[in-house]
Each structure stands twice: as C-alpha cells, then as structure tokens.
Amino acid sequence: MANDSEDGRREQAGWSRRHLFKQLGLAGVAAAVGKAPLAPAVAAAAAPAGSRAPMPEALETLTAAEADMLEAIVARLIPTDEKGPGATEARAAHYIDRALTGPLASSRGAYAAGLAALDAYAQTAKGAAFTSLSAADQDAVLSDLEKNTAPGFAPNSSAFFELVRTHTIQGMFCDPYYGGNANFVGWDLIGYPGIRMAVGEDEQRLKMKPQPVRRSAYDDGMFTLGGGGHGH
C-alpha cells in the first residue's frame, strides 16, 4: 500500500479518480474506488480489457479538431484506469458537444476560444499540438490552466479549466438521455442504483443493497418530455 507521500507524488503527475472525488466532496466514494491513483502513463495500459470507447458519433456543434482536443482533455480529467472506465467511455465529450446546441449554447464561444488558446499554449510550452502530447505533458498543460499560469485565455485559463471540468463531470454522471454516462459507467463508478419508482421494505430499513436499475428516467412515462429535440 502506498504511503501518503507516494500518493502525493502520484497525484502531482496527473489527475485521478481520487482527485476528482475530493473536488466533489465524495470522500466515501473515493475510498471505495481506491486510494492510490495510477500515474497518467500507466492508466491507459491498465484499462480493463472490457472497457472500450464507444464508436464515434456525428458532431453537432464542435469542429473535428475541437472534438479531438476535447476528447483528449476529458480523458485526462477522468482517466480510464484499473478501477474501470472513465470519461472517454462515458462519452463526456459527446455530452458536451450535444449540450452546446441547447442548454450550454452560451458557452460555445468560450469553447472555441479556449480550445484554440489551449492548443497554442501546448505548442508554446511543450512544442506540439495538445492531441500529440504524451499523457504526462497533457496533464502538465492542464495543470498550468488550473493554476491560472497559462497565458492567452479570456478571461483566464483557470476559468476555462473549470468550465470544461464542470461539464466533464456532468457528462460522466448525467442521465444517459443527455448523451453522456454511456452504459451507466458513471453511475456504476459511484454506486448510484438509479431512479427508483418504488422501494421495498428491506431497502427502506437498509437491510439490503439496492439492485441497480439501469434505465433513463425518461424511459418511464411519468417523466416523458414534451416537444422535440433533445429535451433540454
């Protein structure tokens, strides 16, 4: 078992599930999914054999270059590791692309400017486009954004980092109806059993672990959305 100083060195190398849950205030979940994160370069190699990225889908808002960058970013924010699938498998980037046509439409300009600034900074700081960098270098670039030390962003780099991180978390754990949390990988990660229309006696008394209900809320007639589009 790694000690605290070893954990700290690993977290300095990149993001992890533990880091994410600390940010969300889900300490209990962090303990459940493992204390010591993998270094970024190891995470992809240790991905479970059964966790495969979903097939690409047609873009709704982002350009192909923007989508490639966003896919790379979300993959580092919530990486796939030995504990299971991450934001790539959850289709968090697809969720963001889709939402930018509706409830996140006001952020479209921020994404265009922020992704362009991120790529420019990656080339200045690391000598290559962001998508061409190693996982460790991608983490270093994102860390600079988070610490607000990367120039060229409006209003600043930390604001763009928080924007993307917030939307990545949404895409990881949202109802799958909205385009993220594919195959309920986000819900499985935190042990959320899903929407329940009825709760049994033993469940009320906490005598048994709830059986997962893997369906969208909108599969139930009670939550049917009116109108067309995505229901945003």
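The values are calculated or read from the model by the stated rules, or taken from the named source; none is laboratory data. These numbers come from a predicted model, not from an experiment. So basically every Cβ, Gly included, is an ideal-geometry build from the backbone, and we count neighbours across all protein chains shown.
Could you grab me the full set of residues in the stretch 58-77 that are outside any helix (DSSP H, G or I) and surrounded by 20 or more Cβ atoms within 10 Å (Cβ to Cβ)?
Residue satisfying the conditions is 62 alone.
Could you list, in sequence order, the residues of the stretch 93-110 that are among the hydroxyl-bearing types (Ser, Thr, Tyr) and buried (at least 23 other Cβ atoms within 10 Å of the Cβ)?
Within the stretch 93-110, just 95 meets the criteria.
Hey, among the residues in the stretch 155-172 that are among the hydrophobic types (A, V, I, L, M, F, W, C), crowded, with 20+ Cβ neighbours inside 10 Å and free of Cβ contacts under 8 Å to residues at least 60 places away in the same chain, which one's farthest from residue 114 (Cα to Cα)?
Selected residue: 161.
With the condition kept exactly as written, say whether any residue in the stretch 133-154 is of a type in the set (Asp, Glu) and in contact (Cβ under 8 Å) with a residue 60 or more places away in the chain.
yes
If residue 183 satisfies all but one of (1) modelled with pLDDT of 95 or more; (2) polar (S, T, N, Q); (3) surrounded by fewer than 18 Cβ atoms within 10 Å (Cβ to Cβ), what's the number of the condition it fails?
(1)
All but one of (1) at pLDDT below 80; (2) on the phi < 0 side of the Ramachandran plot hold for residue 188; state the number of the condition that does not hold.
(1)
If you take the residues in the stretch 150-193 that are assigned to a loop (DSSP other than H, G, I, E, B) and in contact with a Lys or Arg (Cβ under 6 Å, 6 or more places away or on another chain), which one is farthest from residue 85 (Cα to Cα)?
Among those that are assigned to a loop (DSSP other than H, G, I, E, B) and in contact with a Lys or Arg (Cβ under 6 Å, 6 or more places away or on another chain), it is 179.
From 90, 120, 150, grab the single residue that is of a type in the set (Gly, Ala, Ser) and surrounded by fewer than 18 Cβ atoms within 10 Å (Cβ to Cβ).
Exactly one residue qualifies, and that residue is 120.
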